[in-house]
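Presented below is the structure to which this report refers.
Rule-based calculations on the coordinates, nothing more; no lab input. Remember, it's a predicted structure, so these values are computed and weren't measured experimentally. When we count neighbours, we look across all protein chains shown, and the Cβ atoms used for this are built from the backbone with ideal geometry, even at glycine.
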Amino acid sequence: MDITSLQRARAIIDTVGEPHQALVIYKLRSLTYNSTNNEEHRKAKNVIANMEKEYALNVANVLIKDKFDQIPDYLKE
């Protein structure tokens, strides 16, 4: 079972992940909050958003295998 939804990945990490894993996601997301008109900043924000998504999905897919029995049923579907 592979996790492909970012929202579901975040929920799994918040539920059974290590505190630092959720903090990494929060920190990456916070880097994308400020709006800018600068093209280079927009490109950088897109890269950071992609990094956050890949990190969350990778961690959630490891957690779903390692801690399957600890994950609530509604997140397993």
Nearest-0.05 FRET efficiency for Val47 and Thr4 at R0 = 25 Å, using Cβ-Cβ distance, is 0.80
Under the 7 Å Cα-to-Cβ spin-label approximation, Glu54 and Leu31 lie apart by a distance in nanometres of 1.2 nm
Checked against the positive end of the charge dipole of the chain (+1 on Cβ of Lys and Arg, -1 on Cβ of Asp and Glu, about the Cα centre), the farthest of Tyr33, Asn50, Gln70 is Tyr33
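Extension gain Glu40-Asp66, at 0.36 nm per residue separation less the Cα-Cα distance, in nm?
Working: separation 26, 0.36 × 26 = 9.36 nm, distance 3.89 nm.
Full extension of this stretch gives 5.5 nm more.
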Whole-Hz Karplus couplings 3J(HN,Hα) for region 8-14, θ = phi - 60° and coefficients 6.51, -1.76, 1.60, Gly and Pro as x, run 5, 4, 4, 5, 5, 5, 5
From DSSP H assignment alone, runs of 4+ in the chain each adding -39500 (n - 2.57), the sum over residues rounded to the nearest 500 puts [θ] at 222 nm at -23000 deg cm²/dmol
When all Cα-Cα pair distances of the chain are considered, the percent exceeding 18 Å is 42 percent
For 6-14, 50-58, 62-70, ranked highest to lowest by mean beta-carbon neighbours within 10 Å, the order is 6-14, 50-58, 62-70
